[in-house]
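Note sheet for the following structure.
Read-outs: derived from the displayed coordinates by stated rules, not from any lab. Small disclaimer: the values here were computed from a predicted structure and weren't measured. Here the Cβ is made from the backbone with ideal geometry for all residues, glycine too, and neighbour counts use every protein chain on show.
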Amino acid sequence: MKVDILIIGAGPAGMAAALAAAASGARIAVLDDNPAAGGQIWRGGPQAHLPPLARDYRQRLQAQANIEHLPGSRVVALAGPKALLVEDAERGTVIEYDRLILCTGARELLLPFPGWTLPGVTGAGGLQALIKGGMPVAGERIVIAGSGPLLLASAATAKDNGARVLNILEQAPWSAVAGFAAQLPRWPHKLLQSFGLLHPGYRAGSHVLEALGDGRLEAVRVSIGGTIREIACERLACGFGLIPNLQLGQALGCRIERDAIAVDAWQATTLAGVYAAGESTGFGGSEKALVEGAIAGHAAVGERNAAQRLWSQRQRWHGFAHALNRAFVLGDAVKGLARPDTLICRCEDVPLSAVCDHQGWSQAKMASRCGMGACQGRTCGGAAQTLFGWQPPAPRPPFSPARIETLLQLAPHPD
Ligand SMILES: Cc1cc2nc3c(=O)[nH]c(=O)nc-3n(C[C@H](O)[C@H](O)[C@H](O)COP(=O)(O)OP(=O)(O)OC[C@H]3O[C@@H](n4cnc5c(N)ncnc54)[C@H](O)[C@@H]3O)c2cc1C
């Protein structure tokens, strides 16, 4: 398959990039590992309620004859100077492109604490995704903990589906949360949104200590403003912020700065013909992702005036991103929750004590198998980076489990 523009990720950034580039008539492909376009925030499912804006983007994406959406597809490896090996449920394909736009988004940061592998404990965004995907939670008691606005969004989804959200425990202190809230009138739409998310059980300066239960979660031990309490519940959802999905950018050789893909004013990376937009260039929510995606799309087809007209809008949402990132910095309390026997790598059953004395990620991996399981370090790699400051090296292909027939596409063809 050969396209002018290949976009990785069909979240808000990827959809906006495709639509912005489409008017030029370029042949565009947007691939995403999810079954439907929308990314994390506009994830579909039997219990998902998509806002009109999300439906509008999806419909326009479908209506464009020169945009091909490839759902359920993952990037497996680089397949040449301007080509990627991609796999879906049926086949492996090499896609050649002229320009590439990385809109790979972010994933949740999960930090280990005693009991975090018990059934009933999930990420905060993970709980939201499960509920949208159809998991029933009506009547269940849920505690949500960690950091950032995703806790509130997750609580709202759980409540709308009949769960009782007992507490939302934000690790940042009240002063930081109040400072952030005081700035919200600068973004009136966000202020309005936040009113809808207010919850009587929201507590700042509070965090989880331990998940308790025999074979499944029965209660959580938490610190609420320094007071230790035990709360009986059926579910605990913990998310400590987001980590950008950098693997593909790293593998291609794009410069990474402050844990995000570095881009210039045109959303161009340091690699010629490769652009990046959305959460892979830093967090800031769907509005930042949409405007960055549109700038990248216009720039990739040479429409610099159209891209430049969006710069002031992007600056506005970068202001929001800065306020967000300043307010929800992780404190030391949540970095010291794991005990020596707490698993850090849940795929390979590696406890904290087996890795904490090593000098870096590669050494810890070789000595303990940490990060060598099914998720390939996507979970424990982020935790190790937060707990020990270890930088993960660029990933090696295959970037995700792949079929042998797919990998054979990389073998040289006999002449
Ligand atoms: C679990 C989770 C839940 C969230 N829920 C909310 C919410 O409710 N409200 C809110 O305001 N914000 C939420 N966010 C924040 C949200 O990510 C952003 O606001 C917004 O969706 C960012 O858009 P994006 O296009 O940059 O990335 P995303 O929306 O993350 O889209 C990126 C897409 O790229 C795909 N992808 C990544 N790498 C590859 C690859 N190699 N091959 C194929 N596909 C790939 C991903 O599966 C994803 O579909 C959530 C974040 C996470 C991690």
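Which residue, chosen from I144, Q183, V208, occupies the Cα position most advanced towards the positive end of the dipole of the stretch 110-240, where the dipole is computed from +1 (Lys, Arg) and -1 (Asp, Glu) charges on Cβ about the Cα centre?
Q183
Using a Cα-Cα cut-off of under 15 Å, which aspartates and glutamates could be cross-linked to K365, ignoring same-chain neighbours fewer than 8 residues away?
E348, D349, D357
Would you please state which residues of the stretch 109-138 a label at K335 would reach in this model, taking the label point 7 Å out along Cα→Cβ and a backbone N cut-off of under 14 Å?
Answer for the stretch 109-138: 111-112.
Using a simple charge model, +1 on the beta-carbon of Lys and Arg, -1 on the beta-carbon of Asp and Glu, nothing else, what dipole does the stretch 338-388 show about its Cα centre, in debye to the nearest 20?
So the dipole magnitude of the stretch 338-388 works out to roughly 140 debye.
Using +1 on the beta carbon of Lys and Arg, -1 on that of Asp and Glu, and nothing else charged, what's the dipole of the chain about the Cα centre, debye to 20?
800 debye
Going by how many other beta carbons lie within 10 Å of each one, how would you line up I256, I243, I7, fewest first?
I256, I243, I7
Near K132, which lysines are there with a Cα under 24 Å away, not counting those fewer than 8 places off in the same chain?
K159, K190, K288
With a sphere of radius 9 Å drawn around the Cβ of R221, what net charge do the other residues whose Cβ falls strictly inside it have (Lys, Arg +1; Asp, Glu -1)?
Once all neighbours under 9 Å are counted, the net charge is -1.
With a 10 Å Cβ neighbour count serving as the proxy for reagent exposure, in which order, fewest first, do H322, H189, H207, H199 appear?
H189, H322, H199, H207
What do you get for Rg/Rh of the chain when both radii come from the Cα atoms and Rh is the Kirkwood radius?
Looking at the chain, the ratio lands at 0.96.
According to a simple spin-label model (label point 7 Å from Cα along Cα-to-Cβ), what is the distance in nm between M372 and I404?
Placing both labels 7 Å along Cα→Cβ, they lie 2.2 nm apart.
Taking θ = phi - 60°, what integer Hz values does the Karplus form 6.51 cos²θ - 1.76 cosθ + 1.60 yield along the stretch 38-52, in sequence order, with x for Gly and Pro?
Working through the residues one at a time gives x, x, 6, 5, 10, 5, x, x, x, 10, 9, 10, 7, x, x Hz.
How far, in nm, would the chain grow between S194 and D349 when pulled straight, counting 0.36 nm per residue and subtracting the alpha carbon separation?
Result for the pair: 51.9 nm of gain on full extension.
Given H placed 1.01 Å from N in the peptide plane, which residues other than close sequence neighbours of I256 have an amide H under 5 Å from its amide H?
HN-HN under 5 Å from I256: A262.
Name the lysines eligible as straight-distance cross-link partners of K82: C-alpha to C-alpha under 16 Å, and not fewer than 8 places from it in the same chain.
Within the straight-line cut-off, K82 pairs with K2.
May I ask for the distance between the Cα centers of the stretch 219-282 and the stretch 162-183, given as a whole number of Å?
The distance from the Cα centre of the stretch 219-282 to that of the stretch 162-183 comes to 19 Å.
What net charge is computed for the residues neighbouring P401, neighbours being all others with C-beta under 13 Å from the C-beta of P401, Lys and Arg scored +1, Asp and Glu -1?
Net charge around P401: +1.
Is there a quick way to get the dipole size of the stretch 110-240? I mean about its Cα centre, with the Cβ of Lys and Arg at +1 and of Asp and Glu at -1; what is the value in debye to the nearest 20?
Once rounded to the nearest 20, the dipole reads 340 debye.
Once each part is reduced to its C-alpha centroid, what is the distance from the stretch 283-350 to the stretch 91-123 in angstrom?
Cα centres, the stretch 283-350 to the stretch 91-123: 14 Å.
Shape verdict for the stretch 110-240, please, from the Cα gyration tensor: rounded (a/c under 1.5), prolate (a/b greater than b/c) or oblate.
oblate
By counting other Cβ atoms within 10 Å of each Cβ, how are K132, K2, K365 ranked from fewest to most?
K2, K132, K365
Count charges around L242 for me, please; just the other residues with Cβ under 11 Å from its Cβ, Lys/Arg as +1, Asp/Glu as -1.
With Lys, Arg at +1 and Asp, Glu at -1, the neighbours total -2.
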